[in-house]
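As structure tokens, the structure follows; a few thoughts come after it.
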Amino acid sequence: MRYIKGIDISNNNSSIDFDKVAEDNIEYVYMKATEGKTFKDSRLEEFYNSCKRSGLKVGAYHFLVSTSSPEAQAENFYRKVKGYEWDMIPMLDIESEFDELCDYIIRFINAFKELSPLQLGIYSYTGFLSNIEEIKSTIKDYPFWEANYNNDPWNLPSNFFTNRIGHQYTENGDISGVSGKCDVNLFTEGVLLKNNMYSGTWINENDKWWYKHKDGTFTKDDWEFINGKWYFFDTQGWMIHDWKKYGDSWYYFGDYNDGAMKIGWYYDEKSSKWYYFNEEGIMQTDV
């Protein structure tokens, strides 16, 4: 198993030179997106764009608190992160003890699942797990990122989680390009979104397709990454095919038995023309 070095950051960090971070063998960067129902990290867009330019893979996390409903918090998180192309699974940061914590966790997970097809992961401390043990049967198979500042990567005690994908082993790391100390982690590739999409089944009804997740839910009016390809589903959950204008951009999704977003050069038999789509699937007119 390959371990990948990463850091996690927030608005509390001062200036960061991400080119230097990448040169220091860092490949993954998690950044704070939201906290509670209203807080949105003001530096997320700056961090995201800089990481992408430096070739770093990125992920986002939400800090769970007791002062607002978990449903409102899940919506705040989703609305903040939905406009970005993340490489790693979204994380729920659980480290504050309060009454009804376990109920909040389950409700947040369920609310986020209604909003997004992305697999959610859980972050917490080794010493905090006793506070959430009563719901272990529900959360034990979720990807788990564990904080344990033993400065000994992946030397961790056993716990009820079955899918540990990261170890935050110090909060006093020295990383090139980062002013001051920072959290340093070792991850497995299990943290990548491409390895964590909800499995499901394609279903055809009256020559239209929809994708049923294993928990019975399905995506509506949104994108979904399935088996290495991007698809778009309409407001009723049907797979889009043919041409579609989304915002100011045109995309092509093939015929009704295809539906996958096209990239690169593609020949459209209907118009007898070649078209070029960039890596984000957007049709280009200046090639």
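Evaluation of I165 against the conditions (1) in a loop (DSSP other than H, G, I, E, B); (2) at pLDDT below 95; (3) touching a Ser or Thr at 6+ places or on another chain (Cβ under 7 Å) shows that the sole unmet condition is (1). Among the residues of segment 4-54, those that are over 19 Å from the mean Cα position of the chain (by Cα), of a type outside the set (D, E), open to solvent by 40 Å² or more (accessible area, probe 1.4 Å) and farther than 29 Å from R107 by Cα comprise S14, S15, K20, N25. Checked against (1) charged (D, E, K, R); (2) in a loop (DSSP other than H, G, I, E, B); (3) surrounded by 15 or more Cβ atoms within 10 Å (Cβ to Cβ), E97 passes all but condition (3).
Given the structure, is N257 on the phi < 0 side of the Ramachandran plot, exposed (fewer than 15 other Cβ atoms within 10 Å of the Cβ), assigned to a loop (DSSP other than H, G, I, E, B) and at pLDDT 85 or above? So N257 fits the description; yes.
Matching residues to (1) touching a residue at least 60 places away in the same chain (Cβ under 8 Å); (2) within 30 Å of E71 (Cβ to Cβ):
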| site | (1), (2) |
| --- | --- |
| Y3 | yes, no |
| D8 | yes, yes |
| T34 | no, yes |
| F39 | no, yes |
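Within segment 168-200, the set of residues being touching a Cys at 6+ places or on another chain (Cβ under 8 Å), in a strand (DSSP E or B) and either open to solvent by less than 20 Å² (accessible area, probe 1.4 Å) or modelled with pLDDT under 90 (or both) comprises G173 only. Restricting T170, T162, T217, T138 to residues that are out of contact with any Gly (no Cβ under 7 Å at 6 or more places or on another chain), among the hydroxyl-bearing types (S, T, Y) and under 30 Å from N257 (Cβ atoms) narrows the list to T217.
Please verify whether K229 is basic (K, R), open to solvent by 40 Å² or more (accessible area, probe 1.4 Å) and over 25 Å from I282 (Cβ atoms), treating the condition exactly as stated.
No: the conditions fail for K229.
Of all residues being among the hydroxyl-bearing types (S, T, Y) and out of contact with any Asp or Glu (no Cβ under 6 Å at 6 or more places or on another chain) in segment 233-254, which is surrounded by the fewest Cβ atoms within 10 Å (Cβ to Cβ)? Just the residue, please.
In the first step, residues of segment 233-254 are kept if they are among the hydroxyl-bearing types (S, T, Y); the result is 235, 246, 249, 251-252.
With out of contact with any Asp or Glu (no Cβ under 6 Å at 6 or more places or on another chain) added as a condition, the list becomes 246, 249, 251-252.
Details: Y246: 12, S249: 14, Y251: 21, Y252: 19.
For segment 233-254, the residue satisfying everything is Y246.
The values are calculated or read from the model by the stated rules, or taken from the named source; none is laboratory data. From a predicted model like this one, the values you see are computed outputs, not experimental measurements. Please note: Cβ atoms are built from the backbone with ideal geometry, for glycine as well, and neighbour counts cover all protein chains shown. With ligands, DNA and RNA removed, areas are computed over all heavy atoms of the protein, side chains included. Shrake-Rupley method; radii C 1.70, N 1.55, O 1.52, S 1.80 Å.
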